[in-house]
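Report on one structure; see the data block that follows.
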């Protein structure tokens, strides 16, 4: 791929899942709707979650259902962030227009648009109103909520019970695209609420979407990640977390430890089990 599309030969790439999140949702037997829902939620899964790690999306769906929410996963397309990053404004605008068409019915029904991807959340909230000014893009932006943020709100509202299962020590990386939204450290706070011993990693991972995958920027990307990687290793965690799956992939590249989304860690604990991020020579628990 280095000679054809410019991705560095040593870059760890995400695998493709055998079943996407949308495919899983389409075959899943619907749950009986709660008499009084805590919230009505539509999941914007993100490309990474849909194609590469649908377990994140499944965890978000099931934790929200545990909290009494009515949940849907509507049809959707890429948020357009990769095209915007690459300077393709018209391509990004076309995707934004398509997502408005697909998501506005849920917004008009009063549903929250919940996403487990900080870059996608930022795109929907901040960039869509710039790309397509108007009442629809503003209404969509106002409806968007980060997955860890929404689950934390429900937990603090006593819609969830704390897991009996101990999560252990967690190194929680805070993605740059979460910080810029000024929503606070929701992944950290959620796992603290769940009883985890949390060590925060507040350093840029250096991935920057597809930038860190390119052969000409790969080495620089890893250099930027050194402080975050040292903070992860210094925490000596049982499990590594990041709200951003691509940041998690970068941390895996630097430390050899797999990273998980905070809601997925909580989901597993609520099921009575624990996720772990062992070192390279210790095997893996997924």
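Annotations for the structure displayed:
- When 256, 248 are checked against the criterion of being modelled with pLDDT under 95, in contact with a helix residue (DSSP H, G or I) (Cβ under 6 Å, 6 or more places away or on another chain) and within 20 Å of residue 11 (Cα to Cα), a single residue qualifies: 256.
- Residue check, residue 195 surrounded by fewer than 23 Cβ atoms within 10 Å (Cβ to Cβ) and either under 25 Å from residue 55 (Cα atoms) or without any contact (Cβ under 8 Å) to a residue 12 or more places away in the chain (or both): yes
- Here residue 82 fits the description: at pLDDT below 95 and out of contact with any strand residue (DSSP E or B) (no Cβ under 8 Å at 6 or more places or on another chain).
- Qualifying residue in region 214-235 (condition: farther than 21 Å from residue 12 by Cα and either surrounded by 23 or more Cβ atoms within 10 Å (Cβ to Cβ) or touching a helix residue (DSSP H, G or I) at 6+ places or on another chain (Cβ under 9 Å) (or both)): no
The values are calculated or read from the model by the stated rules, or taken from the named source; none is laboratory data. Here the structure is a predicted model, which is why all the values come from computation and not from measurement. We place every Cβ from the backbone using ideal geometry, glycine too, and count neighbours over all the protein chains shown.
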